[in-house]
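One structure is given here, and the rest of the page talks about it.
The values are calculated or read from the model by the stated rules, or taken from the named source; none is laboratory data. Keep in mind that this is a model prediction, so the values were computed, not measured. Positions of Cβ are backbone-derived with ideal geometry, glycine not excepted, and every protein chain shown enters the neighbour counts. Accessible surface is based on the protein model in full, side chains and every heavy atom, while ligands, DNA and RNA are left aside. Shrake-Rupley method; radii C 1.70, N 1.55, O 1.52, S 1.80 Å.
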Amino acid sequence: MSVQLARATAEKLVERLGLNTAPIDVEKIAEDLGLRVVAEDLGTEISGLLVSKDGMASIAVERSEPPVRKRFTIAHEIGHFLLRHHLQRNELVHADEHWQVIYRSPRASEGLEPMEVQANQFAASLLMPMKLVRDRVEKLQKPLTEKDVKALTSEFKVSEQAMTIRLSGLGLI
């Protein structure tokens with residue numbers, strides 16, 4: 001599984017669901033996919049979990065995280081689900097005969113584990129779809145200012161870091 005396939009999977013989901021305005025409602029997407037989202041006290045080491053059992057799956061997010069972080073975590077866990085990472089057995093998946101759990105730790109964004117990189121790229125593409133970001137940036141003056149980036153951050157309900165990385169990845173800054 002490549003990063004490009006993870007991005008394409010998110011973009012196809014955005015297209016299939018007819019999502020053409022920001023912010024993207026990730027909780028609704030999760031619901032539409034049959035994923036229940038719950039806020040729990042997961043501690044300081046885990047931002048989110050994807051738990052699956054007998055073909056059913058749920059997402060838990062750390063309740064104390066800021067809203068933009070929760071949104072990214074939900075999108076990240078949707079990525080794991082659609083990319084079928086929860087069905088693979090490796091050190092990130094804790095499984096027994098009945099339960100499989102994959103989690104997003106604070107280290108997930110360090111880019112060291114391929115499945116985490118793929119889920120992060122999926123999340124960025126889901127929350128900040130290429131077409132929506134490009135269309136929005138075309139309406140702004142160029143070059144983009146810090147104020148423009150902050151406005152996009154607010155519009156897409158993502159962190160400034162996530163938006164800056166996305167804009168850079170799309171060659172827009």
Next item on the list: Would you point out which residue out of SER125, SER154, SER168 is in a helix (DSSP H, G or I), without any contact (Cβ under 8 Å) to a residue 12 or more places away in the chain, surrounded by 14 or more Cβ atoms within 10 Å (Cβ to Cβ) and of a type in the set (S, T, N, Q)?
Entry: SER154
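For every residue, the table says whether it meets (1) touching a Pro at 6+ places or on another chain (Cβ under 8 Å); (2) more than 13 Å from LEU83 (Cβ to Cβ); (3) open to solvent by less than 50 Å² (accessible area, probe 1.4 Å).
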{"residue": "VAL3", "(1), (2), (3)": "no, no, yes"}
{"residue": "ARG7", "(1), (2), (3)": "no, no, no"}
{"residue": "ALA10", "(1), (2), (3)": "yes, no, yes"}
{"residue": "LEU17", "(1), (2), (3)": "no, yes, no"}
Next item on the list: Tally the residues that are within 20 Å of the chain's Cα centre (by Cα) and either open to solvent by 80 Å² or more (accessible area, probe 1.4 Å) or of a type in the set (A, V, I, L, M) (or both), restricting the search to region 128-150.
Entry: 8
Next item on the list: Name the one entry in THR9, THR44 that is of a type in the set (Ser, Thr, Tyr) and out of contact with any helix residue (DSSP H, G or I) (no Cβ under 7 Å at 6 or more places or on another chain).
Entry: THR44
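Which of the residues spanning region 32-66 are charged (D, E, K, R) and farther than 21 Å from LEU132 by Cβ?
Hits for region 32-66 are ARG36, GLU40, ASP41, GLU45, LYS53, ASP54, GLU62, ARG63, GLU65.
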Next item on the list: Mind checking which strands (runs of 3 or more DSSP E) fall wholly inside region 1-79 and carry at least 2 residues that are over 22 Å from SER154 (Cα atoms) and of a type outside the set (A, V, I, L, M)?
Entry: 36-40, 48-53
